[in-house]
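J.: Right, I'll just put the structure down here and ask away after.
Values in this text are rule-based calculations from the coordinates and carry no lab data. It should be emphasised that the depicted structure is a prediction, and the values quoted were computed from it without experimental measurement. Cβ: placed from backbone, ideal geometry, glycine included. Neighbour counts: every protein chain shown.
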Amino acid sequence: MPRSWAELLGEEGAAPEPETERAGLFSRLRDSLSKSRRALTEQLQAAAFDPGDDLSWERLEEALLQADVGVPATAELVRRLEERGDIGALADEVAQLFGEPPTLDVRHDPAVILVVGVNGTGKTTTIGKLASTLSRHGRSVVVAAADTFRAAAEEQLEIWAQRAGADFVGSERGADPAAVAYDAIEAAQARGRDVVIVDTAGRLHTQTNLMEELVKVRRVIERKLDGAPQETLLVVDATTGQNGVQQARLFNEAVGVTGVALTKLDGSAKGGVAIPIAYELGLPVKLVGVGERLDDLRPFDPLDYARALVSS
Amino acid sequence: MFDALSDKLQSALGDLRGRGVLDDEAISRAMREVRLALLEADVNLEIVRQFVARVRERALGEDVAKSLTPGQQVVKIVHEELTELMGSGSSQLAFSPRPPTTILLAGLQGSGKTTAAGKLALLLRKDGRKPALVAADLQRPAAIDQLVQLGAQAGVPVYADERTDPVKAVHDGIERARADGRDVVVLDTAGRLHVDEPLMEELAAVRREAKPTNVLLVLDAMTGQEAVNVAKAFQERIDFDGVVMTKLDGDARGGAALSVKAVTGRPIKLASVGEKLDALEWFHPDRMASRILGMGDVLTLIERAEAAVADDEKEELERRMMAGEFSFDDFLKSYKMLRRMGPLQGVLKLIPGMGKQLEGLDQVNEKELARVEAIILSMTPQERRLPRVIDGSRRKRIAAGSGTAVTQVNQLIEARKQMAKMMKMMGSGKMPQLPAAGMGGKPRPSATRKSSSKRKKKARR
């Protein structure tokens, strides 16, 4: 059973989501993953798999590498499966690398979600979708345009905020992003809003000065509101290769990432880099983006993803 | 991680020395390292396989085993093969004899098309052309605003209409450019997934309407194994002529570039290397090969240094560096220059063998500049000129004067020593660790010097 928003948001006694919404994700995720030319299964038909045959293990290894799982995590998966001598356990082992299904902590007053990532991963779009979903789940939302660098970033977020029915806090281009975050929290407190989502400019994790700027944004949020930000989400593009691990490592060192949002899973990329991010750095994936529509952001379910990855 | 590829190959092949007979097992070990390095760099698995087979063949065929440094020989073979794989094909754009020349940019969402369009327009304007930008991204909220703002920064007109039909937008944009006497039109299209049939059809329609002189695929350097499928799909539908590689200023090794070239035969033409609008460069295959191998990129380093250093201070500093007279004054000066050359971590990566040679300096982070400066300014002029006079008690005084710990002073002194040593080795033509492999030349020490002095002359003219 795929994970529901109520589970992700830790809502107790919430009415179960309509079947259609639940079924939607799994089938859509599987559809999108199967668009890939060579699905994993094609290469590792369980029936044809012979644990005694080196070639079979090599094919497994290559399938994982082609899904961007990377060398260390692939080696670990192969090692675990070799121990069990059972290829059928692949989905299970992949899911285990992800750990327990995570939750998104929005039960504060207000809760602050800081959204970070490299350029072009889909931060603003993800925020638009998240704001819309939170609204549907009865949370009032303020979005803060703290991307004061990219041309027209603010306009883009404002359009998403309107679509999501969220309040919008902006500023001049070139303004101090920390000040925008501060204003947004203040606005949320004054108006009694539940969640503040802070959009930040995309930055390469190697740009020390821009990472320092991000540290400052976080620090200002911490000082403005005790316990905030409750969540710091790193947005990772599913087409990203092994550099994604380095992105996660450096963003985590700078601002303490609490979870990953894996976007653009509707292409043929399998987003396998999420596996080493979880395995090597212990950062859980919390959200997946599977399409362009407002409701195409879904809670991440490790086993569900692993099954879709393996059996598509 | 693979800055140490040459070290690993060295150790995998090192025991061959003197035996004269090529050990198949040692070669296999070395090939495993090559394979890992390429996979870690996101080179497509299929290509890795073919590539390793070819390198293995050459490694067995040549006198690698007899060489004093079999590891270096293999690195050289790998580097040559990589450059070869990426090198063929022109990095030039085609210009139409009947203006306006049209350049169509296409790619996935978030690959950086709009930013690349703005940068390309500026590059063309600086080349003395009269470019215009046309907004055909009618999908993403505010994409047109973004292009309009970039056009304003680049000093290039932007033709945009809030329409729903990109084909019409492209048609009208090109007409307006022609009427206004613009000679190059850069067309920015909406990002799309290569598996999204309706949007790919729309792009094909835009291409038919624009009849572009150049079609460029914009590709994120951080793309993983999927790059090949993306490129194939775009090639089938719109048949691009070349690739613009974006976000190369990060630490992604850019194996995607190699994969795309290998699979489609289309060269990488341009590389985007920074946030600023002027950070778009013509692509150099040999430098990319070095980057994928983690071997550093001396030519880019030299170019950036030349751009960052004022002419008069340059020659003197160069002379002193090469002579190994690298005082703390020089250290401070060069440290400040390094900062002008871009993010320090990126700059350090350009230096071959950096990881091993300069472990002390590797720890130096940009925010430590203030501390480094404080330490050096707490030295007497004599100490700065002749660092060897700095004994224990002087170290204590310097630490107290700069508000740092003695260990930090020690670290800096050690870093300067390492740096001076390396400068001297470069000056004498001996590259530390890597002879000529990083330069794409012959493994003679003089190859290093020749190419760098040629560059210098050119720059001085």
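J.: With θ set to phi - 60° and the Karplus curve 6.51 cos²θ - 1.76 cosθ + 1.60, what are the ³J(HN,Hα) couplings of segment A:300-305 in order, to the nearest whole Hz, using x for Gly and Pro?
T.: 8, 10, x, 5, 4, 4
J.: How about segment A:166-246: which GluC sites (Glu not before Pro) there are in a DSSP loop, with at most 13 other Cβ atoms within 10 Å of their Cβ?
T.: Taking segment A:166-246 and a limit of 13 other Cβ atoms within 10 Å, the loop GluC sites (Glu not before Pro) found are A:GLU172.
J.: What is the gain in length, in nm to one decimal, between B:LEU60 and B:ARG388 on full extension, counting 0.36 nm per residue of separation less the C-alpha to C-alpha distance?
T.: 113.2 nm
J.: Which cross-chain or sequence-distant (5 or more) residues have an amide H under 5 Å from the amide H of A:THR240, H modelled 1.01 Å from N in plane?
T.: B:GLY224
J.: Taking the simple approach of a point 7 Å from Cα along Cα-to-Cβ for both A:LEU55 and B:ALA204, what is their distance in nm?
T.: About 3.8 nm separates the two model spin labels.
J.: Which FRET efficiency value, to the nearest 0.05, is calculated for B:GLU373 and A:LEU281 with the Förster distance at 35 angstrom and r the Cβ-Cβ distance?
T.: 0.55
J.: List the residues, sorted by chain then number, that are 5 or more residues from A:LEU283 or on another chain and whose placed amide H is less than 5 Å from its amide H.
T.: Excluding prolines and chain starts, which carry no amide H, the hits are A:ALA278.
J.: Whose amide H sits under 5 Å from the amide H of A:ALA111, counting only residues 5 or more places off or on another chain, with H placed in the peptide plane?
T.: HN-HN under 5 Å from A:ALA111: A:VAL195, A:VAL196.
J.: If you don't mind, another one. Given points 7 Å out from each Cα along the Cα-Cβ axis, report the B:ARG237 to A:ARG223 separation in nanometres with one decimal.
T.: About 4.9 nm separates the two model spin labels.
J.: Could I ask something else about it? I need the calculated FRET efficiency for the pair A:ARG293 and A:ALA179, taking r as the beta carbon distance and R₀ as 41 Å, to the nearest 0.05.
T.: Using R0 = 41 Å, I get an efficiency of 0.80.
J.: Would you mind working out the magnitude of the charge dipole of chain A relative to its Cα centre, with +1 at each Lys and Arg C-beta and -1 at each Asp and Glu C-beta, to the nearest 20 Debye?
T.: 640
J.: Separation between the B:GLU84 and B:ARG176 pseudo-spin-labels, each 7 Å from Cα along Cα→Cβ, expressed in nm?
T.: 5.0
J.: Which value results when the Cα radius of gyration for segment A:56-152 is divided by 2.2 N^0.38 Å?
T.: Taking N as the residue count of segment A:56-152, the ratio is 1.58.
J.: Moving on. Going highest first, how would you order B:243-251, A:262-270 by mean Cβ packing within 10 Å?
T.: Result, highest mean first: A:262-270, B:243-251.
J.: To the nearest 0.05, how large is the calculated FRET efficiency for A:GLU212 and B:TRP282 if R₀ is 22 Å and r is the Cβ-Cβ distance?
T.: That pair, A:GLU212 with B:TRP282, gives E of 0.10.
J.: Apply the Karplus parameterisation 6.51 cos²θ - 1.76 cosθ + 1.60, with θ equal to phi minus 60°, to every residue of segment A:135-152 and state each ³J(HN,Hα) to the nearest whole Hz, in sequence, with x for glycine and proline.
T.: 4, 5, 8, x, 9, 8, 10, 10, 9, 10, 8, 8, 8, 9, 9, 5, 4, 6
J.: Which values, in whole Å and largest first, are the semi-axes of the equivalent ellipsoid of chain A obtained as the square root of 5 times each eigenvalue of the Cα gyration tensor?
T.: 36, 21, 16
J.: Using Stokes-Einstein with the Kirkwood hydrodynamic radius over Cα pairs, what translational diffusion coefficient do you get for segment B:101-293 at 4 °C and a viscosity of 1.567 mPa s, in µm²/s rounded to a whole number?
T.: D, rounded to a whole number, is 79 µm²/s.
J.: Select from A:ASP86, A:ASP54, A:ASP105 the residue whose mean-square fluctuation is largest in a Gaussian network model of chain A (Cα-Cα springs shorter than 10 Å).
T.: A:ASP54
J.: For segment B:135-150, in order, what is each residue's ³J(HN,Hα) by Karplus, 6.51 cos²θ - 1.76 cosθ + 1.60 with θ = phi - 60°, in whole Hz (x at glycine and Pro)?
T.: Along segment B:135-150, the couplings run 8, 10, 9, 9, 8, 5, x, 6, 4, 5, 3, 4, 5, 4, 5, 5 Hz.
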